[in-house]
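Trainee: Structure in structure tokens, see below.
The values are calculated or read from the model by the stated rules, or taken from the named source; none is laboratory data. Note that the coordinates shown come from a computational prediction; the quantities given were computed from them, not determined experimentally. Here the Cβ is made from the backbone with ideal geometry for all residues, glycine too, and neighbour counts use every protein chain on show. Each accessible area value is taken on the protein alone, full model and side chains, heavy atoms only, with ligands, DNA and RNA left out. Shrake-Rupley method; radii C 1.70, N 1.55, O 1.52, S 1.80 Å.
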Amino acid sequence: MKRTIITITLVFVASLLQAQTSFKKDSTLIKSIYNTALLNGKSYDWLDHLSNEIGGRLSGSFNANKAVKYTKAELDELGLDKVWLQPVMVPKWTRGQKEYAYIETGPGQTSIADICALGGSVPTPKLGIKAQLIEVTSLDELATLGREKIEGKIVFYNRPMQADLINTFEAYGGCVDQRYSGAMEAAKYGAVAVVVRSMNLRADDFPHTGSMTYGDTPVDQRIPACAISTNGANYLSSALKILPSLYFYFKQNCKTYDDVLSHNVIGEITGTEFPDKYMLVGGHLDSWDLGDGSHDDGAGVVQSMEVLRLFKEIGYKPKHSIRVVLFMNEENGLRGGKKYAEEAKLKNEKHIFALESDAGGFTPRGFSFDLDEANFKQVESWKPLFEPYLIHYFAKGGSGADIGPLKEEGIVLAGLRPDSQRYFDHHHAATDTFDAINKRELELGGAAMASLVYLFDTYGTKTELTSIKN
Ligand SMILES: [Zn+2]
């Protein structure tokens, strides 16, 4: 009896000591990741080039190709084990000449409205389109109004993002159906065009673009769709209350071309123990065209590149193969994400962990995960290691659009979660520019990502451990 108690105590003490030793080892390594990122980081310089030397990188554009070349060349410089381009066909849509719109309250009485075409929209007729408006706050409202009230009019979707939601992505999710499906739905009732309130919590003059769909609407029944700035939407709504018969005019010149060839950019450090098991970090290389895509998603691109650079810099040799993937075409097609997952499956490449940064380059708060309970418990056990860096948010929830297609049983998917309060001031608008990036915040994000990848590499995923045992 006594002997058993002694043995149990010894085992307990030994495991406690071991836990202390690994905590110390992990803390030290994470500290060196942070030190290197903050004292000798590269992500800000990379983003400077991507934003200021290249600029907006809409899929299929000249700039998108430049971004592929640039990031490939930069990854080549890092001394990774492999760097390559993965071909993928992407949609090509161009905005054309700057859009123009006004509100007409009487003969000769007009005020300019700030608009932009939604991504994928058809153009207006050459001379523009002018009609009366019908304001709605939801897609459902169209059905109650019916064809009688909608036919021949421009539908004005004006449901604002909900300001009392602390997670602004939730507020975005609660509104974005107006932008994505608004034109398709309004066309069913004979509308001639749609104007959509910008997905922005701030009142300002910048229209925010973004993807939309016509679903299976026949080509000749597709109606043009534009976004109006939040200030513009507020003005228009108040003017309609006074004068419901006012007219709205707009003109846009966008065009859809045939798909063109583009690329995902991929770099890899091959694992020392499990070279056939992959962990992925990534962001998307394409961006909308109004700004230079610094937050969405230049930040995620350079932070992901930085993860591999930091490992090289501190001399960390991962056990698993770690890949950085810069996905093409997240914004208007997700072709890069789909292509990557498709090829991984074809080649039977076992992915056990993927982390995406696509929520802006603001101060990192933590991560959201798509995983099972056993893996989540392990993640939670790492919380104390992140405490010194004020990383505290570990929640189940979404990960990232580009890594979504990799989802299968056992894989752990994660997304970096920066502070989201200012993200939608910039998202898809002309305000998404390099001056809105804070160097330190950007670097903290890359360091947090590298730390999480390090921990998954060191301890594996729970699913992986079970499959090794079996
Ligand atoms: Zn994005």
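Trainee: So Glu170 fits all but one of (1) open to solvent by 10 Å² or more (accessible area, probe 1.4 Å); (2) assigned to a loop (DSSP other than H, G, I, E, B); (3) closer than 23 Å to Ala429 by Cβ; what number is the exception?
Mentor: (2)
Trainee: Follow-up. Listed residues Asp358, Asp372; which is within 16 Å of the ligand (Cβ to nearest atom) and either of a type outside the set (A, V, I, L, M, F, W, C) or without any contact (Cβ under 8 Å) to a residue 24 or more places away in the chain (or both)?
Mentor: Sole residue among the options that is within 16 Å of the ligand (Cβ to nearest atom) and either of a type outside the set (A, V, I, L, M, F, W, C) or without any contact (Cβ under 8 Å) to a residue 24 or more places away in the chain (or both): Asp358.
Trainee: Filter region 191-206 for residues that are of a type outside the set (Val, Ile, Thr) and open to solvent by 20 Å² or more (accessible area, probe 1.4 Å); which is nearest to Glu170 (Cα to Cα)?
Mentor: Across region 191-206, the extreme among qualifying residues is Leu201.
Trainee: What is the residue count in region 194-211 for residues that are farther than 11 Å from Tyr157 by Cα and not in a loop (DSSP other than H, G, I, E, B)?
Mentor: Of the residues in that region, 1 qualify.
Trainee: Within region 15-48, how many residues turn out to be open to solvent by 30 Å² or more (accessible area, probe 1.4 Å) and within 20 Å of the chain's Cα centre (by Cα)?
Mentor: Of the residues in that region, 2 qualify.
Trainee: Okay, moving on. Filter region 299-317 for residues that are away from the ligand (no atom under 14 Å from the Cβ) and open to solvent by less than 10 Å² (accessible area, probe 1.4 Å) and give the result.
Mentor: Once the filter is applied, which keeps residues that are away from the ligand (no atom under 14 Å from the Cβ) and open to solvent by less than 10 Å² (accessible area, probe 1.4 Å), region 299-317 yields Met305, Glu306, Val307, Leu308, Leu310, Phe311.
Trainee: Would you confirm whether any residue within region 144-152 is of a type in the set (A, V, I, L, M) and in a loop (DSSP other than H, G, I, E, B)?
Mentor: no
Trainee: Given Asp286, Asp296, Asp292, which one is within 16 Å of the ligand (Cβ to nearest atom) and touching a Lys or Arg at 6+ places or on another chain (Cβ under 6 Å)? Full working, then the answer.
Mentor: On the way: Asp296 fails: touching a Lys or Arg at 6+ places or on another chain (Cβ under 6 Å); Asp292 fails: touching a Lys or Arg at 6+ places or on another chain (Cβ under 6 Å).
Matching residue, one of Asp286, Asp296, Asp292: Asp286.
Trainee: Let me ask something additional. Conditions: (1) under 24 Å from Pro125 (Cβ atoms); (2) open to solvent by less than 70 Å² (accessible area, probe 1.4 Å); (3) among the aliphatic types (A, V, I, L, M). Val219 meets all but one. Number of the miss?
Mentor: (2)
Trainee: Please indicate, with yes or no, whether at least one residue in region 379-397 is in contact (Cβ under 8 Å) with a residue 24 or more places away in the chain, open to solvent by less than 20 Å² (accessible area, probe 1.4 Å) and within 13 Å of the ligand (Cβ to nearest atom).
Mentor: no
Trainee: What tally of residues in region 417-450 results from selecting those that are surrounded by 24 or more Cβ atoms within 10 Å (Cβ to Cβ), within 20 Å of Glu387 (Cα to Cα) and not acidic (Asp, Glu)?
Mentor: Residues flagged as surrounded by 24 or more Cβ atoms within 10 Å (Cβ to Cβ), within 20 Å of Glu387 (Cα to Cα) and not acidic (Asp, Glu) within region 417-450 amount to 10.
Trainee: Could you list, in sequence order, the residues of region 326-355 that are in contact with a helix residue (DSSP H, G or I) (Cβ under 6 Å, 6 or more places away or on another chain), more than 14 Å from the ligand (Cβ to nearest atom) and within 22 Å of Ser211 (Cβ to Cβ)?
Mentor: Result: Lys338, Ala341.
Trainee: Then there's this: For region 38-142, list the strands (runs of 3 or more DSSP E) that sit wholly inside it and hold at least 1 residues that are over 27 Å from Val260 (Cβ atoms) and among the aromatic types (Phe, Trp, Tyr); which are they? Spell out how you get there, then give the answer.
Mentor: On the way: elements: 82-94, 100-106, 109-112, 115-117, 129-136.
In region 38-142, the matching strands (runs of 3 or more DSSP E) lie at 100-106.
Trainee: When you scan region 216-308 for strands (runs of 3 or more DSSP E) that lie fully inside it, which ones turn up with 3 or more residues that are in contact with a His (Cβ under 6 Å, 6 or more places away or on another chain) and of a type in the set (Gly, Ala, Ser)?
Mentor: Of the strands (runs of 3 or more DSSP E) lying wholly inside region 216-308, none has at least 3 residues that are in contact with a His (Cβ under 6 Å, 6 or more places away or on another chain) and of a type in the set (Gly, Ala, Ser).
Trainee: While we're here: Take Leu243 and decide whether it is within 16 Å of the ligand (Cβ to nearest atom) and either at pLDDT below 95 or not polar (S, T, N, Q) (or both).
Mentor: In short, no.
Trainee: So which residues in region 398-419 are within 13 Å of the ligand (Cβ to nearest atom), of a type in the set (A, V, I, L, M, F, W, C) and in a strand (DSSP E or B), if there are any at all?
Mentor: The answer is Leu416, and nothing else.
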